[in-house]
Structure formats: structure tokens, C-alpha cells
Amino acid sequence: MINHLLVLPRLRIQNANTISSPMTWGFPSMSAFVGVQQALERNLPDDIKLVFNEIGVVCHHIDPQVTEGSFIKAFHLTRNPVDKSGGTAAIVEEGRAHLEISLLIGVESDGDDLGSPERCRVIAQTLFDQVQGMRIAGGSVIPALNAQQRYRPELVSFDVNESERAKQWQRLKRRLLPGFALVLRDDLLTKHTATLKAQNSSATALDAWLDLSRLNHECHVEQVKDEKDGKEKEVVQWSIRRPYPGWLVPIPVGYGAISDLYAPGDVANARNAEVPFRFVESLYSMGEWVSPHRFQKPDDLMWFVENDLDRGIYRLQNDYANTLTED
């Protein structure tokens, strides 16, 4: 249960990385925002002693930098300056998007007194100012528009009374509208995998993931009676099959090891030669975009790290599906 929630509202990000994995594109990977949480925690001022546990992201606007007017879209690419020999440098394909998001970070006090409302306002404003100079998902944070300046950062300390806590959350949810938050739906992927296996024993989780990631157009032939001559005739109708309700999207959720763990310095050209090294590949699951007003508690939209070092699994988790099961 989250007792303190840091709200950093309406951050405008320019040129964020929109290629979230080798197989998906769109909104940045949630691991990018977990990296923001970790970077912010590591650079806390000495007089602020907080522990950051989880993070949630509400997207208010996204503007992918792609071509318009055709079925197939292509990223807007930039040509790099000439290289040191004066020749034309290669074009490196990169996907970019402009975002407007709100960050919600679950924090705990580590010896810092958060009981004073004035102290909470000072901490929230300090961290909000610090985020303004960071890069988020590879993009740059740019100043807010005049209309957005009325949104203020806030460090919310939830009441121990359940009724008051619910009222606080209701007020906070209204501040996050309009927008959508990405949550994890591992349960739908598992359920759909079982459904496909019942139809075809050779079906795999990848088949279920691909099936949920697209819109399936199906043809239905119906026998209808002609109003003129009364004879029956076949009418072909097309429909889009959606196995489950909701705005479902394929997402990366972390990394899985494909090699043993190497000692520091054993692998040439590693980014950091002072820590152990391991080759990994992306892990995928299904996500769902949900409006903030549908969340019963702040924990529903929060993401946190849950690694399994013995199996070489480094991934993120979210408890929204568990909340639906409990209900």
C-alpha cells in the first residue's frame, strides 16, 4: 500500500524514443520511466531522504513523428553531419515522439519528516525542478505552456483512514484527466494462449501475443430472405474480432538472459567494465491503456521491478490484473 505519492504533472517531452523494443513501437517502454525514477532517486539533494519504490505514467498526449496520409507510416529521419573524412554519414533510423505525461512515484520516508504540508510542497517543487533538467525516455523535457502552468507538483501523504484515503485519491484522479495509463495484462495473454492451444495443440504464447496485437477481420456468410422475391440468398459480412474488451497493446516488460553471467571486464567493449555482464533479449507481454478514473487505488497503475536472478529474468510488474481478480 502506497502511503506517499509524488505527483509530477504535465511534463512535456520532445523527441522521446518511440521504438520501445525490437518488435514494438509507440509509447516508450516502461523500463525507460523506471530508469527516470532510479536516476531521480540517486540524485536526491542531501536534505531529502526518500526511497522510491514504484512509478506510474499517465499519458495525456502523444505525437509520433511519422508520415501522414498513407496506410504505411514511416518515421521522420534526420541526416547526421558529415563524418571526420568529409563523407556523408549513414542515416540511423530512430523513432521519435513528442509526449505530455504525468509521473506518479510511490515514495517512503527514510528518516525525513513528511508530516508538514509546507515540507511536502518544498520537496515536490524541488524534485519537479530537478526533473526539468533530465532526459526522459531519450527525450528532452521542455518548458510548460502557459495553460499548463496551473498544474503544480505535489507530494501526497495518504490518510490512514480508508474513507479519507479514498477521497484523496478521487481528487487526485481528476487532476490526471484526460489521459490514459498503461497497465500489465499478463492474465489475458495466459488466457488467450490456453484458448488457442485448445483449438490447436501446436499454438504457442507467441501466437497468442500476435493474435492479441492485431485487429482480426473475419468473414461471415449469412442466409437472408430477399424482400422482392422472397428467396434466400447469401450475404457476406465482415467484422473485426476482438477476444477481450479494452485497449490492448503489445509491450516489452524487461529482459531475459541468453548467456551465463560474466565477471566484470570479461566482455570487451561493455558499457561498464566494473559490473558483471550478461547477454539478454527482450521479454514481451500485453498491456492495456486505462483511464485514471477507473483505478480504485494508486497501486493499480504503478510499475515496479521484480527480478528472478536465478532464472536470469529482469522484468517489471504491475498489479492491476490482480485487483480485477480480487473484485
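The values are calculated or read from the model by the stated rules, or taken from the named source; none is laboratory data. Since we're looking at a predicted model, the values are computed, not measured. With ideal geometry, Cβ positions are generated from the backbone for all residues, glycine too; neighbour counts draw on all protein chains shown. The protein model used for the area step is the full one, side chains on, heavy atoms only, and it has no ligands, DNA or RNA in it. Shrake-Rupley method; radii C 1.70, N 1.55, O 1.52, S 1.80 Å.
Results for (1) over 21 Å from the mean Cα position of the chain (by Cα); (2) in contact (Cβ under 8 Å) with a residue 40 or more places away in the chain, shown as yes or no for each residue.
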position	(1), (2)
Leu114	yes, yes
Ala124	yes, yes
Gln130	yes, yes
Val141	no, yes
Tyr151	yes, yes
Leu177	no, yes
Arg185	no, yes
Lys197	yes, no
Leu206	no, no
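Would you call Asn80 within 29 Å of Tyr314 (Cα to Cα) and open to solvent by 50 Å² or more (accessible area, probe 1.4 Å)?
So Asn80 fails the test.
For Ile72, state whether it is surrounded by 10 or more Cβ atoms within 10 Å (Cβ to Cβ) and among the aliphatic types (A, V, I, L, M).
Judged against the criteria, Ile72 is not a match.
Residue by residue through region 209-249, note down the ones that are surrounded by 10 or more Cβ atoms within 10 Å (Cβ to Cβ), among the β-branched types (Val, Ile, Thr) and in contact with a Leu (Cβ under 9 Å, 6 or more places away or on another chain).
Val249 - this is the single residue of region 209-249 that is surrounded by 10 or more Cβ atoms within 10 Å (Cβ to Cβ), among the β-branched types (Val, Ile, Thr) and in contact with a Leu (Cβ under 9 Å, 6 or more places away or on another chain).
When you scan region 227-239, do you find a residue that is touching a strand residue (DSSP E or B) at 6+ places or on another chain (Cβ under 8 Å) and among the polar types (S, T, N, Q), even just one?
Yes, that holds for at least one residue.
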